[in-house]
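Written below as structure tokens is the structure these notes are about.
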Amino acid sequence: MPRITPFRLAAACALALSLSMALAAGAPAAGFKAQLRVVGAGGKVLAEKPVATATTQVKTSPKAECFGKGTGGSGDPVTIKGNTALGLLARGSMTTPALSPLLISDSFDFGLALCGVGSSVANGKASWYLKINHKSLQVGGDAAIVHPGDEVLWDLAPSYPYPDELVLTGPNAAMAGKPFTVRVLSYDEKGKGKPAKGVKVTGADAPTGADGRTTVTLTKPARLVARAAGEIPSAREPVCVGGKCPK
């Protein structure tokens, strides 16, 4: 039997510690938060809030037939990992009535399929479009990994090609009655942004110009939104006025 020397014991402990640290570094953070935004039928915002991740069990639905007749779910419950885009949506549906029920099918080999969120259900050519940090993914929602602080967007797109996503930027605070500048970018599937022209912004004097900019004047706190036909509306950006912020 080989003798275990103090040197070998120390080396083994060091190796074990290194492996543990490497595994911990590669593992997702437990219970972290990510921003969930869901845009349903007609561009209606169903949710826009930070959600804490957690593995969730959801019941599949035989009514989830947006991919064709006979493609509905089994009706059995499925477990969805918390650090995925679908897991974040499932977790959000537990505290946001507008996101419930979820119509999910487990009839496909590639993974779970999403057909409905609350009253917004995919029909005909419509389908749920998923983006993380403004970029589309080539995997399903139950395989799309989410990291702390990510922005996860689910949009009920009327058809393919999918619409671009509007992103609004501007100051967090302004003086009452004093104009300030905001800018709107339009992000495609690849996450590439460009100035968005002709976009309407809450409180703006006119639509955005070719550079994506326009001027806004507020007399009270507001949440600004950028909208344009055929585009996914921007997230609501709060602007404080006179030391007061929107609730």
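Would you point out the residue of region 196-237, among those that are in contact with a Leu (Cβ under 8 Å, 6 or more places away or on another chain) and not in a loop (DSSP other than H, G, I, E, B), that is most open to solvent (accessible area, probe 1.4 Å)?
First, the residues of region 196-237 that are in contact with a Leu (Cβ under 8 Å, 6 or more places away or on another chain): 196, 199, 201-203, 212, 216, 224-228, 231-237.
The next check asks that each one be not in a loop (DSSP other than H, G, I, E, B); those that pass are 201, 216, 224, 226-227, 232, 237.
Numbers: Val201: 14, Val216: 0, Leu224: 4, Ala226: 0, Arg227: 114, Ile232: 2, Glu237: 70 Å².
Filtering first and then ranking leaves Arg227.
Only residues that are at pLDDT 95 or above and in a loop (DSSP other than H, G, I, E, B) were counted across region 1-43, and they come to 2.
Filter the strands (runs of 3 or more DSSP E) completely within region 81-195 down to those with at least 2 residues that are in contact with a helix residue (DSSP H, G or I) (Cβ under 6 Å, 6 or more places away or on another chain), open to solvent by less than 60 Å² (accessible area, probe 1.4 Å) and small (Gly, Ala, Ser). Talk me through it step by step, then tell me what you get.
Details: elements: 102-105, 113-117, 127-132, 151-157, 165-169, 180-187, 193-195.
Where strands (runs of 3 or more DSSP E) fall fully within region 81-195, none carries at least 2 residues being in contact with a helix residue (DSSP H, G or I) (Cβ under 6 Å, 6 or more places away or on another chain), open to solvent by less than 60 Å² (accessible area, probe 1.4 Å) and small (Gly, Ala, Ser).
Note on region 43-80: residues that are of a type in the set (Ser, Thr, Tyr), open to solvent by 20 Å² or more (accessible area, probe 1.4 Å) and closer than 30 Å to Lys247 by Cβ amount to 0.
The values are calculated or read from the model by the stated rules, or taken from the named source; none is laboratory data. Every value quoted in this text rests on a predicted model; they were computed, and no experiment measured them. Every residue, glycine among them, receives a Cβ derived from its backbone with ideal geometry; neighbour counts consider all protein chains shown. The area values use the complete protein model at the heavy-atom level, side chains included, leaving out ligands, DNA and RNA. Shrake-Rupley method; radii C 1.70, N 1.55, O 1.52, S 1.80 Å.
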